Amino acid sequence: MLVTLNDVLPRARRDGYAVGLFNTVNLEMAKGVLEAAETLRAPVIIGTAEVLLPSASLPDLASILLPLAKAATVPVVVHFDHGLTEEKTKEAIALGFSSVMYDCSTLDFEGNVRAAAEMAAYAHAHGCSIEAELGHVGDAAVTQPEDAYTKVEDAERFVAATGCDALAIAVGTAHGAYKFKPKLDFDRIALIRSRIEQPLVLHGGSGLSDDDFRRAIARGIAKVNIFTDLNVAAAKAAHDAWQEGIGLTEIMPRVTEAVRDATMTKMRLFGCAGRV
């Protein structure tokens, strides 16, 4: 069933687990994610990000993800992650995505507030939930991320001014494959959670240790974004499956299985298995 963030994240926040956003770029990955959710009876968020659109366009993915979500027997949020432009974010809403993340975190505080508030009003008018980001989740090669950490008092002001439904915070994670061991500020997560009602989101999840995830979720993270782990699992499965005389139709099921298994591992770790 197709739902919004508001249908799955408040319960996760209340009951101390997290729902995964698993970004996908094709049918095989999408099927793997949704098979995992159905098998484990877990709510799930599936989607793509603006930086991934060269791999698959928004209309192409909408035609895949939305029918699959509507046919599912578990709650499925179809989410546009890291919308960097107003044009693409509104396109996702027009195509029927049930949730968007409008990323204006590189702007100054007031600029981020204005842009996020305007998009939140637009999204809500179209029945769509919205996530925003405060602070900046950086590149995995950055060694001193503390300068971009989300400030607690800013988080309070931001959610009150924007009306966003979920807030991505910067607490020491980064996008992509880590070159250095990340150092998360777990106390900051707990403090922000205690001061705002909106569910908190952890970006840059691929590559963290299981203990990092458990501690972050225990402190208040309700949504975790994953792409790199699935992307690598899919590529490895395709590589390992190929041999002379083997065609794409033999490889595709192996990709789906690998993505399913990787997704199930994360769902069990996040504590969302069996929540439907």
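Answer with yes or no whether THR48 is free of Cβ contacts under 8 Å to residues at least 40 places away in the same chain, buried (at least 21 other Cβ atoms within 10 Å of the Cβ) and of a type in the set (S, T, N, Q).
Details: free of Cβ contacts under 8 Å to residues at least 40 places away in the same chain: yes; buried (at least 21 other Cβ atoms within 10 Å of the Cβ): yes; of a type in the set (S, T, N, Q): yes.
The answer is yes for THR48.
Going through the range 75-95 one residue at a time, which ones are on the phi < 0 side of the Ramachandran plot and part of a strand (DSSP E or B)? Spell out the reasoning first.
So the first thing to find is which residues in the range 75-95 are on the phi < 0 side of the Ramachandran plot, and the list is 75-81, 83-95.
Scanning the range 75-95 gives VAL76, VAL77, VAL78, HIS79, PHE80, ASP81, GLY83.
If you go through the range 193-250 and keep only what is on the phi > 0 side of the Ramachandran plot and at pLDDT 95 or above, you end up with just GLY220.
Mind listing whichever residues of the range 21-53 are farther than 16 Å from VAL255 by Cβ, aliphatic (A, V, I, L, M) and assigned to a helix (DSSP H, G or I)? It would help to see each step written out before you state the result.
Taking the range 21-53 first, the residues farther than 16 Å from VAL255 by Cβ are 21, 37-45, 47-53.
Imposing the further condition that a residue be aliphatic (A, V, I, L, M) reduces the set to 21, 37, 40, 42, 44-45, 49, 51-53.
Listed by number, the residues that qualify are ALA37, LEU40, VAL51, LEU52.
Looking at THR249, THR256, THR265, just one residue is more than 26 Å from ASP7 (Cα to Cα), free of Cβ contacts under 8 Å to residues at least 40 places away in the same chain, assigned to a helix (DSSP H, G or I) and among the polar types (S, T, N, Q), and that residue is THR249. Apart from one condition, ASP147 fits all of (1) of a type outside the set (A, V, I, L, M); (2) more than 21 Å from GLU50 (Cα to Cα); (3) part of a loop (DSSP other than H, G, I, E, B); (4) at pLDDT below 95; the exception is (3).
Counting only residues that are assigned to a loop (DSSP other than H, G, I, E, B) and among the basic types (Lys, Arg), how many does the range 180-227 have? Show your work before the answer.
Taking the range 180-227 and keeping what is assigned to a loop (DSSP other than H, G, I, E, B), we get 180-185, 196-199, 203-209, 220, 227.
From what's left, among the basic types (Lys, Arg): 181, 183.
Here the count works out to 2.
Is it fair to say ALA56 is part of a loop (DSSP other than H, G, I, E, B) and either closer than 30 Å to ARG214 by Cβ or among the β-branched types (Val, Ile, Thr) (or both)? Steps first, please.
Details: part of a loop (DSSP other than H, G, I, E, B): yes; either closer than 30 Å to ARG214 by Cβ or among the β-branched types (Val, Ile, Thr) (or both): no.
Criteria not met by ALA56.
Of all residues in the range 255-264, at least one satisfies being within 20 Å of the chain's Cα centre (by Cα), at pLDDT 95 or above, surrounded by fewer than 19 Cβ atoms within 10 Å (Cβ to Cβ) and not aromatic (Phe, Trp, Tyr).
The values are calculated or read from the model by the stated rules, or taken from the named source; none is laboratory data. Owing to the predicted nature of the structure, the values given are computational and were not obtained by experimental measurement. All Cβ positions, even for glycine, are placed from backbone atoms using ideal geometry, and neighbour counts span all protein chains on display.
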